[in-house]
Amino acid sequence: MVNMSTSGAPVIPFSRPYLTPSEIPNVTAVLESDHSHGDGRFTASASARLVALTGAPKALLTTSGTHALDLAARLLDLGPGDEVIMPSFTFSSGATSIVSTGATPVFVDVDARTGNIDPARIADALTPQTKAISVMHYGGVPVDMAPVLSLAREAGVPVIEDNAHGLAVSTALGTLGTLGSLAIQSFHDTKNVHCGEGGALLINDESLAERAEIIREKGTNRSRFLRGQVDKYTWVDQGSSYLPAEINAAVLDSQLEHFDEIQAKRFGVWNRYASELSDWASRNEVTLMDPPGGVHAAHVFYLHTPTAASQQGLLAYLREKGIIATFHYVPLHSSPAGQKFGRTTGDLVHTDSFASRLVRVPLWTGLTPAEIDRIVDAITAFRVTA
Ligand SMILES: Cc1ncc(COP(=O)(O)O)c(C=O)c1O
């Protein structure tokens, strides 16, 4: 059903999941089989596709990106008294995974251009209690990883990459998701590749692989049993149930099979915004997303208005025109739970400025050229006032 805006035009949603030709046959095959619980043939196939796409040595599917972060925090044995340095400009799950172990998230400022954690601020925040550094590649734009990895090496702590936005983005250092000891992906239906709700843990430090399987499988060594390495499985460690049903894996497998086609369509939309909004942006003191080296995942297209008031003005104007644009991430250090459970090091001026002026415009795989025309025409007719 198409919703209509107050101006009478059909609403263009902010995001709409993409359907390839194979999700429905795949799901039907699962439902007609005797195996719709986890770790069946579609989980195996989707995991193999993730390994091939990223080059990570091992990929475990999870029920969400959030659960992959929880699994990572448990795997690293975080606990009370431990600190994890992370950006404030990110999704709540990066912090809830830490807090659920009793450890403390330490929020630091971001780089003004990318919204990614600023490595210089990590250096300021390191203490003997630091047990990990958690980074998030916003929009699949790579964090400046060389200094992050060298700080982590010096401190002897692992790096977790929250790569929810940046599946298979390649950089000079390697593919995103393969640079830290652990990385997570999200397959929520707002992501480039989705299965409704889903995620994955990429394991680059192979010494963590076997325990990751155990924690994911209710604390048991069932994965070893399924490989024929033990003759019965038993409870051996802490754990929970982090594995998705085959129904989700069947959808994910189809999406991953069509990854190149999905990315080509999304880059087509992103490139139109970048070229067609550029004159308007410079006339209105607006800055468009400008990834260093042009490297990104075509996950989001955002712009920054000159002030927080003009952000609100542009969002309300677009809504009136039936175009759903949106802000992103109320910074965690200023959220009620962030103030209760976390602490900050240094000021977070770039974080506040980045979040309070950011406008994300619709970007999804099936956006038509006519819909993009409508969005571009609406934005370029808007005059930014402070
Ligand atoms: C950066 C980031 N990390 C983690 C998540 C959590 O992923 P999920 O929704 O799959 O739990 C999100 C969700 O949007 C996110 O944006």
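Bear in mind that the values in this text are calculations on the coordinates, not laboratory data. Just so it is clear, the structure is predicted and the values come from calculations on it, not from any experiment. For neighbour counting, all protein chains shown are included, and Cβ atoms are generated from backbone atoms with ideal geometry for every residue, glycine included.
If each Cα of the chain is one equal point scatterer, what is log10 of I(q)/I(0) from the Debye formula at q = 0.07, 0.11, 0.14, 0.15 Å⁻¹? Ignoring solvent entirely, the Cα scatterers give -0.32, -0.80, -1.24, -1.37.
When the chain is modelled as a GNM with alpha-carbon springs shorter than 10 Å, which of 179, 208, 348 fluctuates the most? Greatest mean-square fluctuation among the candidates belongs to 208. Computed from Cα atoms, the angle from the helix 246-257 axis to the main principal axis of the chain rounds to 60 degrees.
Arranged from fewest to most other beta-carbon atoms within 10 Å of their beta carbon, 47, 5, 278 become 278, 5, 47. Looking at the chain alone, DSSP beta bridges between its own residues are antiparallel in about 55 percent of cases.
Under 16 Å from the Cα of residue 265, which aspartates and glutamates turn up, not counting those fewer than eight places away in the same chain? Leaving aside aspartates and glutamates fewer than 8 places away in the same chain, those within reach of residue 265 are 257, 371, 373. Computed about the Cα centre, the dipole magnitude for region 23-257 is approximately 300 debye when only Lys and Arg (+1) and Asp and Glu (-1) carry charge, each at its Cβ.
With respect to the chain, whose longest principal axis is taken over its alpha-carbon atoms, helix 259-276 is tilted by about 30°. Between 185, 339, 312, the Gaussian network model of the chain with springs among Cα atoms under 10 angstrom shows the greatest mean-square fluctuation at 339.
By the scheme Lys and Arg +1, Asp and Glu -1, what is the net charge of all other residues having a beta-carbon under 10 Å from that of residue 372?
Values: positive: 272, 374; negative: 276, 371, 373, 377.
Result for the neighbourhood of residue 372: -2.
Once you've got the Cα coordinates, tell me which of 191/218; 191/321; 131/232; 58/218 are over 23 Å apart. Don't jump to the answer; show the numbers that get you there.
On the way: 191/218 27 Å; 191/321 25 Å; 131/232 35 Å; 58/218 19 Å.
From the list (191/218; 191/321; 131/232; 58/218), the Cα-Cα distance tops 23 Å for 191/218; 191/321; 131/232.
I need the Debye-formula profile for region 194-329: one equal scatterer per C-alpha, no solvent, reported as log10 I(q)/I(0) at q = 0.08, 0.22 1/Å, two decimals. Log10 I(q)/I(0), no solvent term: -0.43, -1.34.
Reported to the nearest whole Å, the Cα centre-to-centre distance from region 34-81 to region 260-332 is 31.
Helix 369-380 versus the longest principal axis of the chain: what angle, 0 to 90°, nearest 10, using Cα atoms? Helix 369-380 and the main axis of the chain meet at about 60 degrees. Packing, taken as the mean count of other beta carbons within 10 Å per residue, orders the peptides 133-145, 325-337 from highest to lowest as 133-145, 325-337. The phi-based Karplus calculation (6.51 cos²θ - 1.76 cosθ + 1.60; θ = phi - 60°) puts the 3J(HN,Hα) values of region 75-86 at 4, 8, 6, 5, x, x, x, 7, 10, 10, 7, 8 Hz, whole numbers, x for Gly and Pro. With a cut-off of 11 Å between beta carbons, the residues surrounding residue 253 carry a summed charge of -1, where Lys and Arg count +1 and Asp and Glu -1.
Quick one: 246, 371, fewest Cβ neighbours within 10 Å first, how do they rank? With the fewest neighbours first, 246, 371 line up as 371, 246. Shown for 194, 37, 165, 350: other C-beta atoms within 10 Å of each C-beta, ranked fewest to most, produce the order 37, 350, 194, 165. A straight Cα-to-Cα reach below 17 Å connects residue 340 with the aspartates and glutamates 82, 83, residues fewer than 8 places away in its own chain not being considered. When trypsin sites (Lys or Arg not before Pro) are flagged only if DSSP places them in a loop and at most 11 other Cβ atoms lie within 10 Å, the longest unflagged stretch of the chain comes out as 1-226.
Extents of region 250-353, largest first, come to 43, 41, 33 Å (Cα atoms, principal axes, whole angstrom).
Test of understanding: express the Cα radius of gyration of region 173-215 as a ratio to 2.2 N^0.38 Å, with N the residue count.
On the way: Rg = 12.0 Å, N = 43, 2.2 N^0.38 = 9.2 Å.
My calculation over the Cα atoms of region 173-215 gives 1.30.
Work from the charge dipole of the chain (Cβ charges, +1 for Lys and Arg, -1 for Asp and Glu, about the Cα centre) and give the residue of 334, 209, 183 farthest towards its positive end. Result: 334. The separation of region 144-186 from region 345-359, counted between C-alpha centres, amounts to 22 Å.
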